[in-house]
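Derivation of every value follows stated rules applied to the coordinates shown; laboratory data play no part. What you see is a predicted model; the values in this text were computed from it and never measured. With ideal geometry, Cβ positions are generated from the backbone for all residues, glycine too; neighbour counts draw on all protein chains shown.
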């Protein structure tokens, strides 16, 4: 019997721009954990340039930047989430978990139609 | 002021296979409306082969096929959703709409952090 899973993957659009989505949320989570964009890019198997661009897109879409570079220090510069960035991540995760909870009966019914 | 949108894009996994997601749901909706896989592929800007494979994947994941070919007729063969296919589409759309409803406060708070 195979395991069934329902994965919520929200996209937040601001006009035509994707302000936030699963990839960007994962990147914020990783910056929060590692304090480094370089390390986060490696973890998520993307180039440093791509990770940088994702942060830039978010920073353009939100009133306040979600992440800022930190200069100096032993590690030679890192990146950290701002208060806005932490709040954005938290709200995104709340939207995901409330979505899975709300899927209740429909998801149970859908699972019954899947093969075991 | 740019318009903000929250797009739910659920994925239903059966083991490692994606049984259903935004693209497959859109394809089911189009087959429902057009009665044709060829026409649906054109609408969704994908090759006939790709559309065919998406249907095959769904048919492998669900107990009953979601769509079946219809032979004969003036149009030279079409495709229609089965009862299971219509039900699967309906449940997926219910999951999406309940997710957006449930996002309530978190989504409102997140929007306040976006630029106007």
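What FRET efficiency comes out for residue B:33 versus residue A:42 if R0 is 45 angstrom and r is the Cβ-Cβ distance? Round to the nearest 0.05.
Numbers: r = 45 Å, r/R0 = 1.00.
It comes to 0.50.
The angle separating the long axis of helix A:104-113 from the principal Cα axis of greatest extent in chain A is about 60 degrees.
Measuring nothing but how far apart in sequence close Cα pairs (under 8 Å, 6+ apart) lie, relative to its length, chain A scores a relative contact order of 26 percent.
Quickly rank B:96-103, B:42-49 as a protection proxy: mean count of other C-beta atoms within 10 Å, highest first.
Working: B:96-103: 18.8, B:42-49: 12.6.
Ranked by mean Cβ neighbours within 10 Å, highest first: B:96-103, B:42-49.
The same position residue A:90 in the other copies lies at 4.1 nm from this copy, comparing label points 7 Å beyond Cα toward the beta-carbon, shortest first. Inter-copy label distances at residue B:50, using a point 7 Å along Cα-to-Cβ, come to 1.8 nm with the shortest given first. In terms of Cα atoms, the Rg and Dmax of chain B work out to 17.1, 56 Å. Counting from the shortest, the label point at residue B:70, 7 Å from Cα toward Cβ, is 6.3 nm from the same position in each remaining copy. The C-alpha atoms of chain B define a longest principal axis, and helix B:22-34 lies at about 50 degrees to it. A compact globular protein would have a Cα radius of gyration near 2.2 N^0.38 Å; the ratio found for the protein assembly as shown is 1.19. In chain A, the longest principal axis of the Cα atoms and the axis of helix A:83-102 are about 10 degrees apart.
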